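So the structure is just underneath, and the comments pick up after that.
Each value in this text was obtained by applying a stated rule to the coordinates, not by laboratory testing. The structure displayed is predicted, hence computed values, not measured ones. As a convention, Cβ positions derive from the backbone with ideal geometry for all residues, glycine included, and neighbour counts pool all protein chains shown.
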Amino acid sequence: MSPAGRMNAPALVVRGAAALLAALLAFASCGAIAAESDANIVQSHVDRLDAESLQRGARYFVNYCLTCHSAEYMRYNRLTDLGLTDAQITGNLMFASDKIGETMTVAMTPANGKAWFGNAPPDLSVEARIRGSDWLYSYLLSFYRDEKSPTGWNNLVFPNVAMPNVLWQLSGENKLVKTEYDDHEKAQAAAIAVKGLASIEPLPNDHYAVLQVMPGEAGTMSRSDYEQFVRDLVNYMDYMAEPARNTRIRLGMIVLLFLGVLFVFAYSLKREYWKDLH
Ligand code: HEC
């Protein structure tokens, strides 16, 4: 290296540190923005290693969602990964097709879907990777009655969604509650204080409303049972979006265990060698 080059080294370090700091600041501010827009969703707390929850979720998905949505990348026989037998799958889960090697298709064509609902129900194979499980969980908890919408339902997380509230018999009929505040700061503080699903809507003359979904007429399930139902369903959708991830997690645990055991042997070998040198 030339002397000039060596003299530049501290300058380079300073520049590098400045760039790193700038990157960190940019990253931190990204986080802040994301946190702000996340204010109105709640955490799903799904556990993708809970096989029973995944089995229940698969059943709910086939029963309640597959009538309109497909999951074209998911084969029925892959469900054996969840501990289900071929007989259980063909007997309890296959309504839309007859061969266990088939994918989860749907009889409705996208054109019909568009004609019936205004928007075609999208394929849900990888929906959990697009939206994330917290979003899905919040979405399925935020349907409310809205007489003005064509389906009779609306959604806090996905306003004016074309999907009807297909789970209303279980969840009951929620209603929207609006509380008005005279500036944005107060509305924001109130929305955060809700510590749950809430969103802010601008009103005329700089006023803001905090929107919340509140329980109305009860459904067949209690609130906590319904939340568990949705958690299982979202857990399954998260699994379906990346089934191989469970294998990776299990393999990772085995590798770590192996390294742990190897460490014990390597350490005792090291002590054995060094004993003679001390
Ligand atoms: C009666 C038909 C119907 C059923 C049953 C149904 N959906 Fe939908 N769903 C729709 C339609 C139509 C849309 C498109 C909404 C739009 O884009 O406005 C949709 C959209 C969605 C979306 C948003 C997709 C996106 O990212 O834009 C999700 C998530 C979803 N459905 C999940 C489900 C789940 C989970 C179930 C089962 C509990 C289900 N749906 C059952 C009709 C249905």
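Relative contact order for region 43-241 using alpha-carbon pairs under 8 Å, separation at least 6, rounded to a whole percent? Intermediate values should be presented prior to the final figure.
Numbers: 331 pairs, mean separation 53.7, N = 199.
Contact order relative to length: 27 percent.
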> Based on the Cβ-Cβ distance of Val194 and Glu217, what FRET efficiency does E = 1/(1 + (r/R0)^6) give at R0 = 35 Å, to the nearest 0.05?
Replying inline: 0.95
> Counting Lys and Arg as +1 and Asp and Glu as -1, each charge on the Cβ, what is the dipole of region 43-241 about the Cα centre in debye, to the nearest 20?
Replying inline: 320
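Can you figure out the FRET efficiency of Phe265 with Asp50, using R₀ = 35 Å and their beta-carbon distance, to the nearest 0.05? Display every interim value, and only then the final one.
On the way: r = 34 Å, r/R0 = 0.97.
Once rounded, the FRET efficiency stands at 0.55.
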> Tell me, in nm to one decimal, what length is gained between Val166 and Thr179 on full extension, where the rule is 0.36 nm per residue of separation less the Cα-Cα distance?
Replying inline: 1.9 nm
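Please identify every one of the GluC sites (Glu not before Pro) in region 123-226 that sits in a loop by DSSP and has no more than 16 other beta carbons within 10 Å of its own beta carbon.
On the way: sites: Glu127, Glu147, Glu173, Glu180, Glu185, Glu217; in loops: Glu147.
Of the GluC sites (Glu not before Pro), the ones in loops of region 123-226 whose Cβ has at most 16 other Cβ atoms within 10 Å are Glu147.
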> What is the extension gain from Ala244 to Ala87, computed as 0.36 nm multiplied by their sequence separation minus the C-alpha to C-alpha distance, in nm to one decimal?
Replying inline: 54.3 nm
> Given the pairs Lys175/Lys195; Lys148/Lys178; Lys148/Lys195, which span a C-alpha to C-alpha distance of over 22 angstrom in this model?
Replying inline: Lys148/Lys195
> Mind listing which trypsin sites (Lys or Arg not before Pro) in region 193-249 are in a DSSP loop and have 12 or fewer other Cβ atoms within 10 Å?
Replying inline: Lys195
